[in-house]
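One structure is given below, encoded as structure tokens.
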Amino acid sequence: MKITDYGIHWFRRDLRVEGNPALTANLATHQGRVLGLFCFDHVFLARKDFSTNRFQFFLETLKVVKKQLLESGGDLLVLDVGPKTAYDQLFNELKSHGLPLPKTVSWNRDYEPFAVRRDFEMTQWFKTLGINPLTERDHLIIEPHEIYKGEDPNSTYQVFTPFKRRWLEKFETEDVQSRLKTKKLFPFQMKWDSIFNGKVKLQDQLENYLEKNLKKVNIPIPSAGAQEGKGAIKVFLPKVKNYGKYRDIPSVSGTSRFSLFFKNGSITTAQVIREMGLQNRSQWNEGEEKFVSELIWREFYYYILARHPRVENEAFVEKYKAIPWKNNEDWFEAWKQGRTGFPIVDAGMRELNQTGWMHNRVRMIVASFLTKDLHIDWRWGEQYFMEKLLDGDLAPNNGGWQWAASTGCDPQPYFRVFNPYLQSQKFDPEGVYIKKYIPELKHCTGKLIHEPQQDLMTRDYPPPIVDHSIQRQEALALYKFKE
């Protein structure tokens, strides 16, 4: 093999070196001579739901990857343009020095509608240049095209339970079990400058982005990277046996918080299954079974997005595409600021605004409240979550909001409307979570913490902006109108 034979790995949402299947395959093909490349696609940066805080966590993760690649003898080039322009710039620079193009460009597959279109176009373009596109499955265990009803590959499951049943059947096959193993990383042997004799000079933009974006961040950013993801797995491992008991209690640390690392690919579901020793379904205890079921929900939402990309912008259930939402902007602002007068709702929204995180049970409560009590379009809430969540991820966020709004696949039935008072009594009975984020209510006890009465407590906390019982009846009428 000539010294000039090399590959490029296109990092996207797979920000780790160890256990990165496409990178590993590329390294093996070219005996370690692989350059990492990341492109800041301005289509994503210009999205309405762009989050400065989430972007900073992404940048910090990217910084960890670059450091690890450098320590391994490789490098990561970060360019401030979309992929087509980035590769054009790089290839033109190579040609100007009489240097060859890479033999291989690798990446791990993505399933979001824009990514699917982009990757198809890039694949065709690379082929016209004589470059081999090398792609691998990564952040899902089972890809959307692999699950379908009966013998028809175009048929789609629309209800979670039969999808889960089919997913578990495939999970136990030898093929899928092999995906839970990690291939040994081929060691880097050559540096970027060694391959090109220092001739190719393109300005790396990572530090520039880190510095500029940090000035806009308004919440604490957690430590990032694959090692932090592994640490989260170790922390959660002894808790999983009680997952079913504590996962709905927002005042305790009963959930994994893996979604923060799943979003960037610092860890993957396959890695979690492997490192938690969950490969053998017959040995799962009740907590482990419930936890794996949540991982399958995540794959279900990606499955739906990939097979029905229209759900990114509209209701999956056709008859609910034109619900006459009231969309009161003052109510929406109160909901965003945690000033609705419903303590569990307000605590959740304040947690989101202050930390970039919200407990999953509370996510369901605030989503139900926005759509069923305030009669506001679920897409307004979906976008606000993406603007604020550090783990904001299109498929799970869209799926969760459509579930709460009763417009999506296997949704909460429209006639089941969460009662925010009963939800807080059940899942935060002593008001520990509520008082943490609503200090105005710290002196309230008993029923008052769930249904504060203005004349018995404080003027600092607002009265309820709506009457839940009335709003519930109006919500039923809204949905029945479309029946």
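Some values worked out for this structure:
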{"item": "Odd one out for ASN218 among (1) within 21 Å of the chain's Cα centre (by Cα); (2) surrounded by fewer than 16 Cβ atoms within 10 Å (Cβ to Cβ); (3) more than 25 Å from ILE344 (Cα to Cα)", "result": "(3)"}
{"item": "Those residues of the range 88-111 which are charged (D, E, K, R) and either open to solvent by less than 10 Å² (accessible area, probe 1.4 Å) or touching a Ser or Thr at 6+ places or on another chain (Cβ under 8 Å) (or both), in sequence order", "result": "LYS103, ARG109"}
{"item": "Close pairs from the range 79-100: first touching a residue at least 40 places away in the same chain (Cβ under 8 Å) and part of a helix (DSSP H, G or I), partner among the small types (Gly, Ala, Ser) and surrounded by fewer than 14 Cβ atoms within 10 Å (Cβ to Cβ), Cβ under 6 Å, at least 6 apart", "result": "none"}
{"item": "Boolean, LEU59 is at pLDDT below 95 and open to solvent by less than 40 Å² (accessible area, probe 1.4 Å)", "result": "no"}
{"item": "Any helices (runs of 4 or more DSSP H) falling wholly within the range 131-199 and containing at least 3 residues that are touching a residue at least 40 places away in the same chain (Cβ under 8 Å) and either out of contact with any His (no Cβ under 6 Å at 6 or more places or on another chain) or within 20 Å of TRP10 (Cβ to Cβ) (or both)", "result": "160-171, 192-196"}
{"item": "Odd one out for PHE114 among (1) exposed (fewer than 15 other Cβ atoms within 10 Å of the Cβ); (2) among the hydrophobic types (A, V, I, L, M, F, W, C); (3) outside any loop (DSSP other than H, G, I, E, B)", "result": "(1)"}
{"item": "Residues of the range 273-302 satisfying the condition of being assigned to a loop (DSSP other than H, G, I, E, B) and either more than 19 Å from LYS170 (Cβ to Cβ) or of a type in the set (A, V, I, L, M, F, W, C) (or both)", "result": "MET276, GLY277, LEU278, TRP284, ASN285"}
{"item": "Flag for VAL81 being touching a Cys at 6+ places or on another chain (Cβ under 7 Å), closer than 30 Å to PRO220 by Cα and of a type in the set (A, V, I, L, M, F, W, C)", "result": "yes"}
{"item": "Candidate set from the range 1-46 (those that are among the hydrophobic types (A, V, I, L, M, F, W, C), open to solvent by 20 Å² or more (accessible area, probe 1.4 Å) and assigned to a loop (DSSP other than H, G, I, E, B)); member that is nearest to LEU99 (Cα to Cα)", "result": "ILE3"}
{"item": "Contacts under 8 angstrom Cβ, first residue in the range 295-309 being within 20 Å of MET276 (Cβ to Cβ), partner of a type in the set (S, T, N, Q), 6 or more apart", "result": "LEU295/THR269; ARG298/SER259; ARG298/THR269; GLU299/THR269"}
{"item": "Failed criterion for PRO222 (all others in (1) more than 27 Å from VAL116 (Cβ to Cβ); (2) in contact with a Gly (Cβ under 6 Å, 6 or more places away or on another chain) hold)", "result": "(2)"}
{"item": "Flag for GLU286 being of a type outside the set (Ser, Thr, Tyr) and under 17 Å from the mean Cα position of the chain (by Cα)", "result": "no"}
{"item": "All positions within the range 144-168 that are of a type in the set (Asp, Glu) and surrounded by fewer than 16 Cβ atoms within 10 Å (Cβ to Cβ)", "result": "GLU151, ASP152"}
{"item": "Qualifying residue in the range 68-79 (condition: among the acidic types (Asp, Glu), within 25 Å of THR269 (Cβ to Cβ) and modelled with pLDDT under 90)", "result": "no"}
{"item": "Search result, residues across the range 123-143 that are farther than 30 Å from SER293 by Cα and open to solvent by 10 Å² or more (accessible area, probe 1.4 Å)", "result": "THR123, GLN124, TRP125, LYS127, THR128, LEU129, GLY130, ASN132, PRO133, LEU134"}
{"item": "Filtered residues of the range 117-176 (kept if over 30 Å from VAL317 (Cα atoms) and of a type in the set (A, V, I, L, M))", "result": "MET122, LEU129, ILE131, LEU134, VAL176"}
{"item": "Evaluation of THR4 against (1) at pLDDT 95 or above; (2) more than 18 Å from LEU394 (Cα to Cα); (3) not charged (D, E, K, R) (one fails), failing number", "result": "(1)"}
{"item": "Qualifying positions in the range 313-335 - closer than 14 Å to ASP377 by Cα, open to solvent by less than 40 Å² (accessible area, probe 1.4 Å) and assigned to a helix (DSSP H, G or I)", "result": "TYR320, PHE332, TRP335"}
{"item": "SER266 being crowded, with 20+ Cβ neighbours inside 10 Å and not charged (D, E, K, R)", "result": "yes"}
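The values are calculated or read from the model by the stated rules, or taken from the named source; none is laboratory data. All values reported here derive from a predicted model rather than from experimental measurement. Ideal geometry is used to build each Cβ from the backbone, glycine not excepted, and the neighbour counts take in all protein chains shown. Areas reflect the complete protein model, heavy atoms only, side chains present, ligands, DNA and RNA absent. Shrake-Rupley method; radii C 1.70, N 1.55, O 1.52, S 1.80 Å.
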